[in-house]
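See below for the structure under consideration.
The values are calculated or read from the model by the stated rules, or taken from the named source; none is laboratory data. Not measured: the values here are computed from a predicted model. Methodologically, a virtual Cβ is constructed for each residue, glycine included, from the backbone with ideal geometry; neighbour enumeration extends over all protein chains shown. Quick note on the areas: whole protein, heavy atoms, side chains included, nothing else; ligands and nucleic acids left out. Shrake-Rupley method; radii C 1.70, N 1.55, O 1.52, S 1.80 Å.
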Amino acid sequence: MSGRKQHYIPQFLQRGFEASRTGAKSQVIVVRHDKEAYLTSTEGSAAQRDFYSNPLSDGTGSLDDQITAFERSHLAVAVEELREAPIGRVESEKVAQTVAHLSWRTASVRGSMRTMTESAFDQMTDILGDPDETRGFLGIDANSEESSLNDSVRADLVKLGVGAWPEKFQRAIERVIVFRIRERFDDLSHRSKGPLLNKLRDVRGRISNSVSDGHVRMLSETLVPPTHFEELRKLRWSIHAPSESSGHFILPDCVAIARSATAITYEPLILASVGEADIVVMPISKRRLLVGSRGQFGSCAALPTINVDLAKCSFEFFVSSQLDSDTKALKNLIGSRIAALSADPLEQQKAPIAPPKKLVCELAKVHVKTPIGRTGDSIKTAISKLAQEAVSPECASYLESIVVANDMAQALQTLSGHALTANQIEKAATHGSVEPVRRGGEWRIRVLVPRTIGQALAQQNASAEHQAAAAILRLLFGRAHYFTCWASQCQQVVAGVDPEMDAWSASTLHLTLRAGGSYVSGLSLGRSGVKATFETEQWAPRATPYLSCAAELINAREHALKDGNVDRLIADAMPPIEILLDVVATVCGIEKSSGAQLLHTSELGLALQRAGLSEWVSLLARDLDQHWSSRSFWESRSDLKTLTAHIERLLWTIGVVVSPTETGHWIDVLDTNLAAVFANTLRQ
């Protein structure tokens, strides 16, 4: 029966790193990360009471007895033969068995796994404490029908019998549920956070015993892990010696280290992907190094810094035969590789971020065109002054001009090349417009300002008209900023509707760009520094946009059911959705940059709340902010996909679903029963 002091690094291996001898006892130098190096007998080094088993309770044949028998029958002889072998190639069978077992049994295995697991639990605790982090980790906003969230919802729908529905309606209800989860996630996360955190803390408290028990259980099943053995046996093994006569190798507490062909750093072998390991290194004595390689490793000259790597991969200590200055310097490296692996093991769950493309940010002089005359000059001076304050360099570089127009209808129609609706003319005449123009082979942005707005801005006082004009100009400059970012990133989007687009794609492109521009307009206005302005009755959002939108959407559904004209449905539904998105996106931008709470108690906010759309507004604000924050990565119209989902969201409220097809999109107006299912899902 073995004793209670059980070596996780056997004495016969440690003796190869002997620093001195007292009688029959070998002594080694132990260099730890947390204390001064010391000389000690191998009897007490790398050993722990009842590490593998308790002989009093486990009796004869315990795990430690099995390991001791394996050492005597195989390991000690194999290691001694390797130490006596000449420099060069050695047979791989016994080497693979020896390396696999010795690296598998150490305390470093338990310590590393415990540290990494505890680190993962700590990071999970941090993630659960932050809704944004939780959303990112779980992929709630992945915006892909192949996301794990979509897969989970799809599987649940099949269980509920939705698999009998037509495919397009299955995908539609799946999108509805995923969108609703996104809307409600922060609230659901907040409600479940407490119980989840308590559970995590409870589990974390049991990690140490769980890791130890698991390690013992795995060793009890096999002393040589078969997968490691098979992969290690495939390597070409050889013995190496130090390149200098005074050189020596250290023995890490992880025993062996490995590195893949694509990596620049070593890892403890037990934590590495053995099947991908290109080099495996295990010191067997102070003058002998065992090296396994998939190719020709070369001479020992290829290992000048191996002690550095061995020290980095050590968990708590390493064993050495010398304590020279180089060896002392290795102390500070102990545990660094485990720390790096533990630093953020959950990061791999997050989607990789590509490096941003560089925006064109040349500061260009903004060209302002005004009517000829003294009034025009004063307007130009006022607009130029405000532009210098409100127009950013990245906006100015793609801003073709700011034009003050006497006749907004004519100016806008000249740019668009087609007749305008009365609503478009009225809107442009009141608030101005931002339009793309083709200049020098590329698209740039022009700001159209009604003359009445320019005249009000030119007033040399702080009148209400002057302040309103300044606000409108800031909104226009914010919208221009949004479009100039698209101009610098993707000219195709600025060019507008592609002739090959179907009606749905053309409409949603227009609306999503409009919503994005409105949000940045709100940001621009909110940053103007007059926070009190947004807390006055003048800026309180009215309920009219939502009420008119809701009524017109219902009418659009009724007309579509009556005459079956889907094109008319789009024509009828999109204008009210545009108005609602425009107003809500602008207010979200103002709230984001000013801190003012305009929606919370406003008529619009209350109307949206009564309609069950408060959570939609919060998600829209989040998505708009994420969309704008990621502008350095914009590449195509697909970057507007998340905003397009919000248009679908509003159509779902009237029982209209859009399904992608190979040639475009198919729009269905659901019957009363199916529409009720969708409406009920949106209320959950």
Please name all residue pairs, on different chains or six or more residues apart, with Cβ atoms under 7 Å, provided the first residue is in region 397-414 and is under 15 Å from THR370 (Cα atoms) and the second residue is outside any helix (DSSP H, G or I) and small (Gly, Ala, Ser).
-> ALA411/ALA405
Could you say whether any residue in region 159-181 is touching a Leu at 6+ places or on another chain (Cβ under 9 Å), of a type in the set (Phe, Trp, Tyr), open to solvent by 60 Å² or more (accessible area, probe 1.4 Å) and free of Cβ contacts under 8 Å to residues at least 60 places away in the same chain?
-> yes
If you check THR370 against the conditions, is it surrounded by 18 or more Cβ atoms within 10 Å (Cβ to Cβ), among the hydroxyl-bearing types (Ser, Thr, Tyr) and modelled with pLDDT under 90?
-> yes
Can you name the residue in region 298-315 that is under 21 Å from LEU271 (Cβ atoms) and open to solvent by 70 Å² or more (accessible area, probe 1.4 Å) and is also modelled with the highest pLDDT among such residues?
-> LYS312
With respect to ILE379, is the statement that it is outside any loop (DSSP other than H, G, I, E, B), farther than 27 Å from VAL583 by Cβ and among the aliphatic types (A, V, I, L, M) true?
-> yes
With the first residue restricted to region 594-614 and required to be within 23 Å of PHE678 (Cα to Cα), and the second required to be assigned to a loop (DSSP other than H, G, I, E, B) and of a type in the set (S, T, N, Q), Cβ contacts under 9 Å at 6 or more apart or on different chains are ALA611/THR653; GLY612/THR653; LEU613/THR653
Look at ARG89 and say whether it is surrounded by 15 or more Cβ atoms within 10 Å (Cβ to Cβ) and of a type outside the set (A, V, I, L, M).
-> no
Which members of region 93-125 meet the condition of being modelled with pLDDT under 90 and in contact with a Ser or Thr (Cβ under 7 Å, 6 or more places away or on another chain)?
-> ARG114, THR115, MET116, SER119
Matching entry among SER638, SER593, SER618, SER632 (being out of contact with any strand residue (DSSP E or B) (no Cβ under 6 Å at 6 or more places or on another chain) and either part of a loop (DSSP other than H, G, I, E, B) or closer than 24 Å to THR544 by Cα (or both)) = SER618
Determine which single condition ARG514 fails, assuming it passes every other condition in (1) assigned to a helix (DSSP H, G or I); (2) closer than 30 Å to GLU389 by Cα; (3) open to solvent by 50 Å² or more (accessible area, probe 1.4 Å); (4) at pLDDT below 85.
-> (4)
So, in region 182-217, of the ones that are aliphatic (A, V, I, L, M) and in contact (Cβ under 8 Å) with a residue 40 or more places away in the chain, which residue ends up most open to solvent (accessible area, probe 1.4 Å)?
-> LEU196
Looking at ASP623, ASP572, which one is surrounded by fewer than 19 Cβ atoms within 10 Å (Cβ to Cβ), in a helix (DSSP H, G or I) and in contact with a helix residue (DSSP H, G or I) (Cβ under 9 Å, 6 or more places away or on another chain)?
-> ASP572
Within the set of pairs 6+ apart or on separate chains, which have a first residue in region 49-74 that is in contact (Cβ under 8 Å) with a residue 12 or more places away in the chain, a second that is of a type in the set (A, V, I, L, M, F, W, C) and surrounded by fewer than 15 Cβ atoms within 10 Å (Cβ to Cβ), and C-beta atoms under 6 Å apart?
-> PRO55/MET1; THR60/MET1
Within region 637-676, which residues are surrounded by 17 or more Cβ atoms within 10 Å (Cβ to Cβ) and among the β-branched types (Val, Ile, Thr)?
-> THR642, THR644, ILE647, THR653, ILE654, VAL656, VAL657, VAL658, ILE667, VAL669
Going through (1) closer than 30 Å to LEU197 by Cβ; (2) open to solvent by 40 Å² or more (accessible area, probe 1.4 Å); (3) of a type outside the set (Val, Ile, Thr) one by one, GLN97 fails only at (1)
Can you name the condition, by its number, that THR508 falls short on among (1) touching a Cys at 6+ places or on another chain (Cβ under 8 Å); (2) under 20 Å from LEU581 (Cα atoms)?
-> (1)
Search result, residues across region 4-26 that are open to solvent by 40 Å² or more (accessible area, probe 1.4 Å) and of a type outside the set (Gly, Ala, Ser) | ARG4, LYS5, GLN11, ARG15, GLU18, ARG21, THR22, LYS25
Output the residues belonging to region 453-487 that are at pLDDT 90 or above and among the hydroxyl-bearing types (Ser, Thr, Tyr).
-> TYR482, THR484
Result of the Cβ filter at 6 Å on region 76-92, keeping first residues that are under 16 Å from GLY292 (Cβ atoms) and partners that are open to solvent by 70 Å² or more (accessible area, probe 1.4 Å) and assigned to a helix (DSSP H, G or I), at least 6 apart or interchain, is ALA78/LYS94; SER92/ARG233
Give the residues of region 426-484 that are open to solvent by 50 Å² or more (accessible area, probe 1.4 Å) and at positive phi, sorted by residue number.
-> GLY440, GLY441
Would you check if there is a residue in region 273-288 being out of contact with any Gly (no Cβ under 9 Å at 6 or more places or on another chain), at negative phi, among the small types (Gly, Ala, Ser) and open to solvent by 20 Å² or more (accessible area, probe 1.4 Å)?
-> yes
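Evaluate the following for ILE654: is it in a loop (DSSP other than H, G, I, E, B), of a type in the set (Val, Ile, Thr) and under 25 Å from GLU558 (Cα atoms)? Spell out how you get there, then give the answer.
Working: in a loop (DSSP other than H, G, I, E, B): yes; of a type in the set (Val, Ile, Thr): yes; under 25 Å from GLU558 (Cα atoms): yes.
For ILE654, the condition - in a loop (DSSP other than H, G, I, E, B), of a type in the set (Val, Ile, Thr) and under 25 Å from GLU558 (Cα atoms) - is met.
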